[in-house]
Every structure is written in structure tokens, then in C-alpha cells.
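S.K.: Input: one structure, supplied below.
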Amino acid sequence: MMRRLTQILATLGLLSLAAVALAGPPVEGAMEKQATNWHAIIMFCIFVAMTMGITYWAASRTKSAADFYTAGGGITGFQNGLAIAGDYMSAATLLGLTAMVYSKGYDGYIYMLAFFAGWPIILFLMAERLRNLGKFTFSDITAYRLDQGKVRTMAAISSLVVVCFYLIAQMVGAGQLIKLLFGLEYNVAIFAVGILMMVYVTFGGMVATTWVQIIKACMLLAGGTLVMILAFSQFGFSFQTLLEKATAVHALGTKLMSPGSLLAEPVTAISLGLGLMFGTAGLPHILMRFFTVTDAKEARKSVLYASGFVAYFFNVIFLMGLCGILIVGQNPEFFEGGVVGGKLIGGGNMVAMHLSKAVGGDMLLGFLAAVAFATILAVVSGLALAGASAISHDLYARVIKKGTASEAAEIRVSKIATICLGFVAIVLGILFEKQNIAFMVGLAFGVAAAANFPVLILSMYWKGLTTRGALFGGYGGLVSAVLFVLLSKSVWVDVLHNPAPLFPYTQPALFAMPIAFLFAYIFSKTDSSVRAGKEIDAFDDQYVRAQTGFGAEAASKH
Amino acid sequence: MSSVMYERMRTNPKFQELVARRGRFAWTLALVVLIMFYGFVMVVAFNPASLGQPVGQGSMWTFGVIVELFMFVFFWILTAIYVRRANSEFDALTQEIVKEAWKEKK
């Protein structure tokens, strides 16, 4: 069934690509500001209809809690690899990173490598242990041999914080995009995304979310590649020509291809590198995807495929951003009031959209806009599911009900939680309207790296970790990371309008991660309680299961 | 029951072999990635100008672009190498260990 569906989807993807390719020459001329783009609306409606169909199908297959959280654990490595790539390459990637390359050049490429470099590390050190030990959420692993109530509460809280930060970036991207294309109010756009997401997740659970991710990943890869090829062809596919022209017109000049203002001082560069690399390994919605595959073998394959797609697409984006410097940045049509070098119509994040219009006309713009919507919806759904499972599986079923909750009740709670998270996302999206979205994602990663990653990796590798150590480490990392972000320029000055930041750096990871590790170490070492002794003894069995997968959650049969 | 099984696996010399071999392999690859990546980050932090240098006279290709492109490809190849070996050699060994633990049971 799944295989046939994959084939159908692949065919559809190719057909839509062909339709776009046949759409004809670029339409030049004055673009009415925020004119309704029917191509985009139609293509987006097709996507929504298709995914609603899948959600309907998925709803009929989502009966148990395992179906809801992990699609029954029956996803293949290739499917999951695509879905992970879909989860990971958000609207912030497509819009924010293209914009970053457009305005900062090489700095954007450094960001991308840092986003990518976490994947091999996840594979080598984490993937198989995650699959062998986990069930529905990554708290299953941190709480495996520790105090269920306290450790799960901690992990759930830090998951929710990361989810909220990440949601901001997605919602802001959605609002700006819809505003640009439909002339809709920003707030209305935000509501639309929030509500669609609630439908996918509450009715279709992980099955629907996974297929939304897979379709969207295919669309994103196809759309991005097409825009890149069309744009790059204007420079005869010569990187040399492209850069000669780009450096000649860009405000940064020859500095365009050197590390520059974003990473001006060493502390920021190192902190960003740590945050992006280990943040990937601490994102709850990504970690959750490792529980959807049948076994450790498929978990490893997932990473192989996912990292391949991610690496490829980042390089596509790099080229798109550079081409944008010339094709978008030199065209008055894309600037407010027609002033080249002024403010881009729709805001700085819209470079990728303008580029697609410039090289492929309204049809391609429509397609890429639909892709961007789809991307936002898919990522938001994945986040909501991860957040909802932290609430229902960790907090409700294990902490409040202490494992006595029925599956039906647990699923019901997670649906309610999804709806609540949808509203939280809407409110946050409205509050943070003006932020650069790639930057917001950077912050989400920083918090994930400090709050989730240290305790998770210690629980898998360090026998000596006790409940007390895990709690101090987890809360220490979470509180310090959030405080550093709150007191940094991006929130303290830009959002709260204070004159000067209290924390001088914008990236928290370099400071918050050591705090987390140190706290976990010190408070475990000094824990001489009887319980701590038992927890340490329990590591041996956990270790064998982590290594061999014996006793791991099996895929449920369909 | 599980605990007994885990005990049997743990005492199986093959388990020690699996852990040692896979651990060594995984950590070696991880260290390669970490050293290369953070080496690169250190260059970005302390000698950013060097990355902006062109690779040749009149060329627009800079060292920075070449180095990053290389890392994208190389890191992915490392993941492929790991998956290949883990999914064949290490998984076969794991299955043997589990099978032997079951056999001992009867």
C-alpha cells in the first residue's frame, strides 16, 4: 500500500514539475503589489486537497497510541529519510537561508554547513540507540532508568520550549508569505496555517504528518532544483561568471565570499557552530522520527537519505541566494517604489519567491509559493505532534496518571494539546512578526542543544547519570539558554525595546551547554542516595538493549 | 526474563567484541567530523580572511567555498560508509548474540 502510494506521489510530483516547465517564458512587466496569485492558490489548494485525502485515509488507520505517535513504527528508512528531510528543511531554510546568502553571501553557507554537520554525529553516536531505547518521545530514553515523573516533566518542558521557539519561525514565515501573495492580512494568514495544522495532526496523527512531510519534501526538492537550474542557466552554469557579476554589484563587494558580519567575533561563530550541530540532535520533532521506523537498521538508513537530501538542498539554496543577488537584487520590479537597493517587496525573507517569479513567471512563483506553504504546514504539524506527545505521553500518561491512563484517553489528551499548541503558535506568530526567521531557528537550536541534548546523550552513554544530575543538567541548560536569549539583543532590545542587551552574545549554546553538562556531572557524582545506586546499576541492562536492540519496541502490524 | 537475557548477552565475548568494534568505528568517524568541522569553525572565528582567498589567480572560487563543498560531500560519504558496515557486519554480529542468548535459555 505504502509503496504504491509512493509511486503515485512520485508521478504526481513529476507531472507538476513538467507542468511548471511548460508554463512558458518569464513574464516581465510591472507586478501589481500583492496581486492575487491564482496559480499559487490553485496549486496550494491541490496540495491541501491531496493532504486532506491522506489525512482522511490516515485517520482510519490511526487506532492505537503507537499509530498516533509513530505511525505504528512501520515506516521504511527511505520514507523516513524523506520525512526527516521534510521536517528539517523548513520554510526558514528555503526563505531565510536564501535571504541570508542574498544579503550576507558566504555567511549563509557557513550556517548551512553547521545545520548539516549534526547529521553524521547523530548517525554515529545516537541513531541506533534512539531506536533501540525509545518508544514515542525522547523522554522515554532519558527517563529509561531514572525517576519517571521528575525526569519526564523536565524533558517535556524543555521539548515544549524548543517547539515554541521553532513554531515562531515557521508562523512568521507563513504570515509574510501569504501577505505577499494573497494580500491577506498577516493575522488571517497565521490563523489559516494554525487551523490546517490542527486538522492534520488531530485526525491523522503521525501517519498523516509523515506523508505530508514526504510529499512536501519531494515538492521542495523539485521546486528548488528547478528554480536553481533556471536561474543558474542565466550565467551559463558558471560559478565563476556568477560570482564575478555578484561581487561587482553587491554592497559587500569582494567581501561577499568571506566570513563577515554575522560571525564577526569568534565567540558567536563557535557558539553558533555548537548550537546548530548539537541542536539538531536535540530537536524533539526530529528525534521522534527515529521511533517511526522498524528497527535500528532502518533508523541508520533514514539518516543516510535525510542527510543526502539536506546536503544537496543546502547547496541548491546557496546557488539560489547568489543568483538572487543579480536577478532579484538588480530588478526594480521587486523593490518597494521601484528603488533598487531599497526594501524588498514582502520583506527580506522573500528573495526565493521573487527569484522564482523572475526566472519562471507567475506559474513557477505559484508553485514555489505552494511549496513554501506546504513546507510550513508540514513542519508546523511535525512540531505540534512532538509538542502534543510531550504533553500527552510524558506529562499526562506517565507523570499525572503514572502509567494508568488508557490509550484512548492519552490520544484524546494529545489531540486537545495539539489544538492548544495551534493557538499558542498563532499568538507567538503575531507577537514576533518582524524577526528574521532563520535567526529564530538558530535560537531554537541553541535551546535544544543546551536543554535536550546534554541529558539525552549522557543518559545513553554515561552510567553515572542519576535523576538528580539529569534534573539539574536539564533545567540548568534550559534556564540558562532561555535567559541568555531573553537578555540578548534579539529579544531584550529588538522585542522588549530596552536600550542595551544584558548578555552580549546572540547565540547561547557555547555558554549554556557547558552549564548543562557540568550540572549533570556534579549533581550525579554527589548523589549518594539509594535510588541513585539503583539507577546506576540499571545502566548495564539498558546498555545491552541500546547496543543490540533486544527488547526494543517492535513495529505494530497492519 | 529480560534481565537474564541481558546478562547472558553481556557475558558473551561476542558482545564485547561488537561494542568494542562498533564503538571504535563510530567514534573514529565522529572525531573526524568533529575535528574537521570545529577546525573550520576556528578558522572562521580567528582567521576569516583566509577563507575569502581565491584558489587561483583571477578565480572566483575561494578556499572557503571549496572547503565547505568538500565537507558536505565527505561527511555524507562517511555516513554511507558507516551505514554500510553497521547494517551488514555489526547487525549480523548482533543477531548472533541474540540467537545465542536464546539458545542458552533452554
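The values are calculated or read from the model by the stated rules, or taken from the named source; none is laboratory data. Here the structure is a predicted model, which means the values were calculated and not measured. We place every Cβ from the backbone using ideal geometry, glycine too, and count neighbours over all the protein chains shown. In case anyone asks, the SASA skips ligands and DNA or RNA and just uses the protein heavy atoms, side chains included. Shrake-Rupley method; radii C 1.70, N 1.55, O 1.52, S 1.80 Å.
S.K.: Show me the three semi-axes of the equivalent ellipsoid for region A:35-441, from the C-alpha gyration tensor (sqrt of 5 times each eigenvalue), largest first, rounded to whole Å.
M.R.: Details: eigenvalues 261, 104, 69 Å².
Semi-axis lengths for region A:35-441 are 36, 23, 19 Å.
S.K.: Another question, then. What range in chain A is the longest one free of GluC sites (Glu not before Pro) that are in a loop by DSSP and have at most 11 other Cβ atoms within 10 angstrom?
M.R.: Working: sites that count: A:GLU28, A:GLU32.
The reported range is A:33-558.
S.K.: For the pairs A:LYS216/A:LYS357; A:LYS135/A:LYS401; A:LYS402/B:LYS99, flag any whose C-alpha to C-alpha distance is greater than 23 Å. Working shown, then result.
M.R.: Working: A:LYS216/A:LYS357 20 Å; A:LYS135/A:LYS401 18 Å; A:LYS402/B:LYS99 35 Å.
A:LYS402/B:LYS99, as the Cα separations exceed 23 Å there.
S.K.: Then there's this: To the nearest 10 Å², what's A:HIS354's accessible area with a 1.4 Å probe?
M.R.: Probe radius 1.4 Å; accessible area of A:HIS354 about 0 Å².
S.K.: May I ask for the longest run of chain A untouched by trypsin sites (Lys or Arg not before Pro) that are loop-located per DSSP and have at most 13 neighbouring C-beta atoms (other than their own) within 10 Å? Mind showing how you got there, number by number?
M.R.: Values: sites that count: A:LYS33, A:LYS343, A:LYS402, A:LYS434, A:LYS557.
After excluding every exposed loop site, the longest remaining stretch is A:34-342.
S.K.: So how exposed is A:CYS420, as accessible area in Å² (1.4 Å probe, rounded to 10)?
M.R.: So the heavy atoms of A:CYS420 present about 70 Å² to solvent.
S.K.: Would you tell me the mean number of C-beta atoms belonging to other protein chains that fall within 10 Å of each C-beta in B:43-52, as a whole number? Mind dumping the intermediate values first?
M.R.: Details: counts 2, 14, 12, 3, 1, 11, 3, 2, 5, 9.
That works out to 6 on average.
S.K.: With a ≥ b ≥ c the root eigenvalues of the C-alpha gyration tensor of region A:33-145, is it rounded (a/c under 1.5), prolate (a/b larger than b/c) or oblate?
M.R.: Details: a/c = 3.07, a/b = 1.17, b/c = 2.61.
The shape class here is oblate.
S.K.: Related question: Across peptide A:103-112, what mean number of C-beta atoms from other chains lies inside 10 Å of a residue's C-beta? Could the numbers behind the result be given before it?
M.R.: Working: counts 0, 0, 2, 8, 2, 0, 5, 7, 0, 2.
Mean shielding count: 3.
S.K.: If you don't mind, there's one more thing I want to ask. If you take the accessible area of B alone, add that of A alone, and subtract the area of the pair, what total do you get in Å², probe 1.4 Å, to the nearest 100? Don't skip to the answer; put the middle values down first.
M.R.: Working: alone 7930 and 20500 Å², together 23770 Å².
The B and A chains share an interface burying roughly 4700 Å².
S.K.: How large is the translational diffusion coefficient of region A:270-363 in µm² per second when you combine the Kirkwood radius over alpha carbon pairs with Stokes-Einstein at 10 °C and 1.306 mPa s? Can you show the working numbers first?
M.R.: Working: Rh = 16.4 Å.
This corresponds to a translational diffusion coefficient of 97 µm²/s.
S.K.: Using the heavy atoms of the protein chains alone and a 1.4 angstrom probe, what is the accessible area of region B:2-105 per residue in square angstrom? Please report the intermediate quantities before stating the final value.
M.R.: Details: 5290 Å² over 104 residues.
Accessible area per residue, region B:2-105: 51 Å².
S.K.: Calculate what fraction, in whole %, of the accessible area of the protein assembly as shown sits on carbon and sulfur atoms when a 1.4 Å probe is rolled over the protein chains.
M.R.: Numbers: 16020 of 23770 Å².
Using a 1.4 Å probe with all protein chains present, the protein assembly as shown comes out at 67 percent carbon and sulfur.
S.K.: Oh, and also: Determine the distance separating the Cα centre of region A:244-274 from the Cα centre of region A:418-432; give it in Å without decimals.
M.R.: Cα centroid of region A:244-274 versus Cα centroid of region A:418-432: 34 Å apart.
S.K.: How about region A:147-251: which chymotrypsin sites (Phe, Trp or Tyr not before Pro) there lie in a loop by DSSP and see at most 14 other Cβ atoms within 10 Å? Walk me through the intermediate numbers first.
M.R.: On the way: sites: A:PHE165, A:TYR166, A:PHE182, A:TYR186, A:PHE191, A:TYR200, A:PHE203, A:TRP211, A:PHE232, A:PHE235, A:PHE237, A:PHE239; in loops: A:PHE235, A:PHE237.
When the chymotrypsin sites (Phe, Trp or Tyr not before Pro) of region A:147-251 are filtered for loop state and at most 14 Cβ neighbours within 10 Å, A:PHE237 remain.
S.K.: How high is the FRET efficiency from A:LYS63 to A:LYS343, r the C-beta distance, R0 45 Å, rounded to 0.05?
M.R.: On the way: r = 52 Å, r/R0 = 1.15.
Efficiency at R0 = 45 Å is approximately 0.30.
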